[in-house]
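Step one of this worksheet: look at the structure below.
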Amino acid sequence: MQVEQIVLNLVRNALDALARVESRELTLSIRRQPSTWALTIQDSGPGISQEARQRLFTPFNTTKADGLGLGLTLSQSLAQGMNGDLTLAEEAHGGAAFMLTLPVWEVQHEQPA
C-alpha cells in the first residue's frame, strides 16, 4: 500500500507538470539491481528549477496554487520507512525524473516435513 501511495503521488505530480506543456510524455520504468528495485517516473514537463530543487523534500514547500507541499515529503518518508529512498534523478532532456529505490525482499518458503 505504501508503494502504491508513493507511485500515485509521483504520477499525479507528473500529470500536473505535463498540463503545462504541449508535448506530453510520461514514462515509468523499473529495473532490478542485485539488492534493490529501482522505479523511475519521468515526465517531459517544464522541469524543476534550481531554487525549487533545494527545497524539494521540505514540508509545506509547493509550486502549486492548490497544493499543501506534503506529497514529496510524505513519499520520501514512506520510502525510507521501507529501507528505500526517493530522489530526484538528473534529467538531461528537460522534464523531471524521480527514482524510488527499494530493497529486494527474499521470500522464504518453508519446506513441508
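If you work out log10 I(q)/I(0) by the Debye sum over Cα atoms at q = 0.10, 0.14 Å⁻¹ from the coordinates, which of (i) -0.32, -0.59; (ii) -0.63, -0.86; (iii) -0.24, -0.48 do you get?
Correct label, based on the coordinates given: (i).
With all protein chains present, how much of the accessible area of the range 1-45 (probe radius 1.4 Å) comes from carbon and sulfur, to the nearest whole percent?
Exposed carbon and sulfur together represent 52 percent of the surface.
To the nearest 10 degrees, how steeply does helix 71-81 sit against the main Cα axis of the chain, on a 0 to 90 scale?
It is inclined by approximately 20 degrees.
What figure, in Å² to the nearest 10, do you get for the accessible area of residue 4 with a 1.4 Å probe and non-protein molecules left out?
Counting only protein heavy atoms, the figure is 120 Å².
What relative contact order, as a whole-number percentage, does the range 1-98 give when Cα pairs under 8 Å and 6 or more residues apart are counted?
Relative contact order of the range 1-98: 29 percent.
Once you put a point 7 Å from the Cα of residue 60 and another 7 Å from the Cα of residue 90, both along the Cβ direction, what distance in nm separates them?
3.4
On a 0 to 90° scale, report how tilted helix 2-18 is relative to the longest principal axis of the chain, with both axes built from alpha carbons and the result rounded to the nearest 10.
20
Provide the per residue accessible area, probe 1.4 Å, for the chain, rounded to a whole number of square angstrom.
Working: 7760 Å² over 113 residues.
Accessible area per residue, the chain: 69 Å².
The values are calculated or read from the model by the stated rules, or taken from the named source; none is laboratory data. Please read these numbers as outputs of a predicted model, since none were measured by experiment. Cβ sites come from the backbone with ideal geometry, for glycine too, and all protein chains shown count toward neighbours. Accessible surface areas use protein heavy atoms only, side chains included; no ligands, DNA or RNA. Shrake-Rupley method; radii C 1.70, N 1.55, O 1.52, S 1.80 Å.
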